[in-house]
Amino acid sequence: MKIFAAFAPLLCLISGCAEDTLGTTREDTFEEYLASVPRERSTGRYIVDWDVVVTTEEEVRRIWRQSSSGALSILSFEGEDIKWPPQMQRQLSYCVSDTFGARKPAVVEAMRAATTLGWAKHANLRFIYDPAQDATCDELNEAVVFDVRPVSDGQYLARAFFPGYPREYCNILIDDAAFEQDRFLLENIMLHEVGHALGFRHEHIARPGQSDPLCVEDEYYRVVESYDPLSTMHYPSCGSPSNTLALSALDRSGVAVVYGPPPPPVAPYASVTQPIDGSVVGLSFDVVASIIDDDLDSVTLLVDGEVVPPRPGADYAFAVTTTPGEHALELVVTDTAGLEDRVALRVTARPLVPAEDDGADDETDDGNDGAVIDPIDDGGCGVSGRPSSLLVMLAACALLGRSRRRGRDRRSAAPNKTGSHRA
Ligand SMILES: [Zn+2]
């Protein structure tokens, strides 16, 4: 039985580089096979199937030795699919390196489109973007499952990895070339690479009658769906010239076959921890929210119906400046499924006049510290005075109260997209 492996970077898609094509057969010795595998210039790692990094020589030997029969196609060795185990498939955290510089926002959006709004929308998968790791987003960062970093090797547009690789090899590297071409949307390139990270092979390896040596790879795959020339995993240059690398209908159904269908959507749960409903505030005050949700899409604060932008760098905090009098605040939270939660409260704004402070930290001090004044009798949860040290207690009381009021009908919130910023 012949096994072919074709290697060429994704860059070949737009530039054409048949001379990069390497092939082998099962009759090759391992040494011959290994010699045919290109290596990443910057790291020395092996690149197989055009744009997938292989960790070690031992892994290359495993690919050489093993096979299975085989479109959405998943990497498979000896009848066992290579995919994320159940305990990991909803914990796929990643960072996006700050070293992308001005390109970083585009990468963050492209990754979000490829993960939460892409593959994960159609299967029991959850990707978690952890921006707190972006400053140290590299192969050594154990706080995330994989890192997304820039490279400038010129060998490919981007490359990924397969599930089960050691942490140091779990990275999606995006070459400068990906930003300097206009044939593919960045988010579609990321869909393709994230597809590899989920275990999916190039679709064209399962194309009936595939004979182009540039497009023949190996047999380490299992067919999940029927051959799909529109799959994001199918190179246009391998028999689907109009393909855009977008997620196809069969990609969506195929990923659900492998990882199970997406769980029923759960509406987000939002609370406002500051200020307190009914409180008196200064003319400038902060609104701070607490939100529980797996797939948050947007958080919007409306003051008297007008959108207030979030504080820079803070998703759930807003700085409000308003006029004296009573004001209506509404927090609107939506998730990617279109489910929403709303929290409404009223506050009275008035200038905070410096008080004759006797130095005591009395409970009625509304002095010039900008703190929220809380005159509320809340039936057991009430506290007054400086709230900063008591916010947790207040929030807990608010949560309990809201839980009692809302009961079970929270999950039936009607879809309503009103977001104003990405969370
Ligand atoms: Zn690929």
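The values are calculated or read from the model by the stated rules, or taken from the named source; none is laboratory data. Only a predicted model underlies this, so the values are computations on that prediction, with no experimental measurement involved. Using ideal geometry, Cβ is built from the backbone for each residue, glycine included, and neighbour counts are taken over all protein chains shown. Note: areas computed on protein heavy atoms with side chains; ligands, DNA, RNA excluded. Shrake-Rupley method; radii C 1.70, N 1.55, O 1.52, S 1.80 Å.
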Exercise for review: Look through 187, 142 and report the one residue that is away from the ligand (no atom under 13 Å from the Cβ), over 27 Å from residue 336 (Cβ atoms) and in contact with a helix residue (DSSP H, G or I) (Cβ under 7 Å, 6 or more places away or on another chain).
Suggested key: 142
Exercise for review: Could you run through the stretch 331-350 and say how many residues are surrounded by fewer than 17 Cβ atoms within 10 Å (Cβ to Cβ) and not hydrophobic (A, V, I, L, M, F, W, C)?
Suggested key: 5
Point to revise | Filter pass, residue 290 being assigned to a strand (DSSP E or B) and among the polar types (S, T, N, Q) | key: yes
Revision key, fill the gap. Condition set assigned to a loop (DSSP other than H, G, I, E, B) and acidic (Asp, Glu), scope the stretch 180-228, selection farthest from residue 157 (Cα to Cα): answer is 225
Review point. Restricting attention to the stretch 128-164, which residues are surrounded by 20 or more Cβ atoms within 10 Å (Cβ to Cβ), not hydrophobic (A, V, I, L, M, F, W, C) and not in a helix (DSSP H, G or I)?
Key: 141, 147, 155, 156, 159, 163
**Study point:** Flag for residue 178 being within 16 Å of the ligand (Cβ to nearest atom) and touching a Pro at 6+ places or on another chain (Cβ under 8 Å)
**Key:** no
Practice item. Taking the residues in the stretch 246-275 that are farther than 22 Å from residue 222 by Cα and among the hydrophobic types (A, V, I, L, M, F, W, C) as candidates, determine which candidate is most open to solvent (accessible area, probe 1.4 Å). Key: 266
Review point. Out of all the residues in the stretch 287-299, is one or more assigned by TED's automatic domain parsing to the domain that holds residue 333, open to solvent by less than 40 Å² (accessible area, probe 1.4 Å), closer than 22 Å to residue 324 by Cβ and more than 24 Å from the chain's Cα centre (by Cα)?
Key: yes
Point to revise | Leading residue by the ranking (farthest from residue 176 (Cα to Cα)) among those in the stretch 190-245 that are open to solvent by 50 Å² or more (accessible area, probe 1.4 Å) and within 15 Å of the ligand (Cβ to nearest atom) | key: 207
Check your understanding: When the stretch 289-323 is examined, which residues are found to be within 29 Å of residue 120 (Cα to Cα), in contact with a strand residue (DSSP E or B) (Cβ under 8 Å, 6 or more places away or on another chain) and among the hydrophobic types (A, V, I, L, M, F, W, C)?
Key -> 289, 291, 292, 296, 299, 301, 317
